[in-house]
Amino acid sequence: MASSDPDKLMLKADKQTKLSLTRWSADWRSATALYEQAAIAYRLAKNYEKAKEAFEKASKGQEMLSSPWDAAKHMESAGSLAKELRNWSEVADFYRRASELYIECGRSQPASDALTKGARVLEEVVPEEAIKLYTDACAILEEDGKEQMAFDLYRAATSVYIKLEKFTDAAATLLRWGLAADKCNATNSQCKAYLSAIIVYLYLHDSTQAEKCYNDCSQIDAFLRSDQNRCATKLLSAYAEGDVEEIKHIAQSSTITHLDHVIIRLARKLPTGDVAALENNASKEQEEPLDENDLT
Amino acid sequence: MSVIDLITRVDAICQKYDKYDVDKQKQLDVSGDDAFARLYAAVEADAEAAAQKAELAATEKSRATAIAMNAEIRRTKSRLLEELPKLQRLAFKKVKGLSKEELEARSDLVSALKDRIEAIPDGTAGVSGQNGGSAASTSRPGIRFDSTSDTKFGSEYHQQTEESEGFRQEYEMRRMKQDEGLDVIAEGLDTLKNMAGDMNEEFDRQAPLMDEIDDKVDRAASDLKNTNRRLKDTVTQLRSSRNFCLDIILLCIILGIAAYLYNVLK
């Protein structure tokens, strides 16, 4: 076990893998071992670029040795080094590849964990990519029936959407969260997710959407019987009456305080825009269909 | 037939033949058409009774009974004062057989009766109560004990002692404090419920993980036990006495040969 210059190790390993006249089949076993040593040495020397390459090659070697688990582990290390190098597209690629390898092993939890790690790294810089990674991670867990683990991911995805101000997408994610909670009978989380979705719609100052959402959610028994349902009814009726004080008072109530802090911030900012105008629109809309009926 | 049956029968018969009772009819006739006179007589009789009771209460030693009687008097007073507007209305009605002066006299009579009723002492302090009464009458809009139409009586009617005033205020303060305390408790319970719900879900999430860990650890433990047993077998085999003796004998032979060679070569 020569602990010599990692460059030399790399050269040796490369020689062992390159096919030529004298070598008819690559010796992956020893090559992989050498690659791993070189990678660790590079990392200690803080030579991230070379370390990343070494890890990539080691991972490929492990794949050839048909041990996808080790290959995936090396890919993750490569990904974290790419993060140091701020090479964001590579980060995403590496973590995706690691996740695929984990799925090959048949282990869904580490697969989604790998995607989550990548997403967390990319949250600040490339949020869209991060969201894609989060949703893919959720999909992996749901396929495997492990929705319980997906809650944290949904939460993270929602907060990224809200930071990006893509509120409809955030509300859609919340509803999917509610669905996942429903599958594993986590009624508390489910009701909280639905209430958060209604609040997001209200924050968009879109009371029709909020009402539609509320109607959809009311069809679910567990939500109908919950505290959150009462809070939602109060909120929507306060909106219908255009009572700003009441809305603010409800936003301070304890039911809303128990939601995710991102949602609490939105709720504290309610009502956005002119509630009285909303009320007028709502009543006007109610009058028009009556007219049509009269004509016909 | 028992005594009770007798009494009931007698009552029934009397009621039936009441209309033939001349004296009673005469009495009724006197005030029959005159509703005012009837009502006036009734109110006056009640006022007299109330005044007598007030005198009794003044001489009463036991404070509790005094208070009870005063309450009774107050109730009667308020009832009578309620009847007064009716009386007023009747006073202006024209009744046959009465002169104009008597009509006017009637309204005076009504007001005099009113003063008399109000003058009946009902155990509340005079001067100081008047000042306290006006403040107290506005403080409790919700619950009314005796009177419903007390706006007519003015603020002097709600004469409260200072004691009862203070007591009432303390009661209010304590109730408010209790409400605040209950609100705090309610919020705390809300938080607890939320935390409990989350903990429940977390446990649900971790239970299958623990089961997996349990399985894996069991498997690892049994593997380890197997390995240990095999190792022990191997080592015992290696250290069995027969091999040991063989080793010693062979070692001695080699040493002997080496010594022999050494001797020869020397």
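The values are calculated or read from the model by the stated rules, or taken from the named source; none is laboratory data. Being a predicted model, the structure only gives us computed values, none of them experimental. So basically every Cβ, Gly included, is an ideal-geometry build from the backbone, and we count neighbours across all protein chains shown.
A few comments on the model shown:
- Test: residue in region B:187-205 that is more than 11 Å from chain A (Cβ to nearest Cβ) and not basic (Lys, Arg): no
- Subset of region A:217-229 [surrounded by 14 or more Cβ atoms within 10 Å (Cβ to Cβ) and charged (D, E, K, R)]: A:ASP227
- Test result for A:ALA157, modelled with pLDDT of 90 or more, more than 14 Å from chain B (Cβ to nearest Cβ) and buried (at least 22 other Cβ atoms within 10 Å of the Cβ): yes
- Residues of region A:1-43 satisfying the condition of being outside any helix (DSSP H, G or I) and of a type in the set (A, V, I, L, M, F, W, C): A:MET1, A:ALA2, A:LEU19, A:LEU21, A:TRP24, A:ALA26
- Close pairs from region B:49-72: first touching a residue at least 60 places away in the same chain (Cβ under 8 Å), partner among the acidic types (Asp, Glu) and not in a helix (DSSP H, G or I), Cβ under 7 Å, at least 6 apart: B:ALA54/B:ASP122
- Screening region A:69-155 for helices (runs of 4 or more DSSP H) wholly inside it with 1 or more residues that are closer than 29 Å to B:ASP204 by Cβ, of a type outside the set (S, T, N, Q) and within 10 Å of the chain's Cα centre (by Cα) returns the ranges A:108-122, A:127-143.
- Region B:62-88: number of residues that are of a type in the set (Val, Ile, Thr) and under 19 Å from B:ALA45 (Cβ atoms): 2
- The residue that is modelled with the lowest pLDDT, among those in region A:107-144 that are surrounded by fewer than 19 Cβ atoms within 10 Å (Cβ to Cβ) and of a type in the set (Lys, Arg), is A:ARG107.
- If you check B:ALA50, B:ALA41 for being within 16 Å of B:ILE120 (Cβ to Cβ), of a type outside the set (D, E, K, R) and at pLDDT 80 or above, only one passes: B:ALA50.
- Look at (1) surrounded by fewer than 24 Cβ atoms within 10 Å (Cβ to Cβ); (2) assigned to a helix (DSSP H, G or I); (3) among the charged types (D, E, K, R) and you find that A:LYS192 fails only one, number (1).
- Test: residue in region A:204-222 that is within 14 Å of chain B (Cβ to nearest Cβ) and in a helix (DSSP H, G or I): yes
- Beta carbons closer than 8 Å, at least 6 apart along the sequence or on distinct chains, never pair a first residue in region B:195-216 that is without any contact (Cβ under 8 Å) to a residue 24 or more places away in the chain with a second that is of a type in the set (D, E, K, R).
- Test result for A:LEU259, buried (at least 17 other Cβ atoms within 10 Å of the Cβ) and within 14 Å of chain B (Cβ to nearest Cβ): yes
- Residues in region A:49-77 that are crowded, with 18+ Cβ neighbours inside 10 Å and hydroxyl-bearing (Ser, Thr, Tyr): A:SER59, A:SER77.
- For the residues A:LYS52, A:LYS46, A:LYS57, the requirement of being over 30 Å from A:GLU142 (Cα atoms), within 37 Å of the chain's Cα centre (by Cα) and not in a helix (DSSP H, G or I) singles out A:LYS46.
- Residues that are within 13 Å of another protein chain (Cβ to nearest Cβ) and surrounded by 19 or more Cβ atoms within 10 Å (Cβ to Cβ), drawn from region A:231-256: A:CYS231, A:THR255, A:ILE256
- Residue satisfying all of: in region A:78-106; within 21 Å of A:GLY145 (Cα to Cα) and not aliphatic (A, V, I, L, M); surrounded by the fewest Cβ atoms within 10 Å (Cβ to Cβ) among these: A:GLY106
- The condition of being crowded, with 20+ Cβ neighbours inside 10 Å, more than 10 Å from chain B (Cβ to nearest Cβ) and part of a helix (DSSP H, G or I) holds for only one of A:ALA172, A:ALA180, that being A:ALA180.
- Matching entry among B:LEU251, B:LEU224, B:LEU209 (being surrounded by 10 or more Cβ atoms within 10 Å (Cβ to Cβ) and under 30 Å from A:GLY145 (Cα atoms)): B:LEU209
- Checked against the criterion of being part of a helix (DSSP H, G or I), among the hydroxyl-bearing types (Ser, Thr, Tyr), over 21 Å from A:ALA193 (Cβ atoms) and at pLDDT below 85, the candidates A:SER237, A:SER283 yield just one match: A:SER283.
- Any chance B:ASP214 is away from chain A (no Cβ under 14 Å), surrounded by 10 or more Cβ atoms within 10 Å (Cβ to Cβ), assigned to a helix (DSSP H, G or I) and not small (Gly, Ala, Ser): yes
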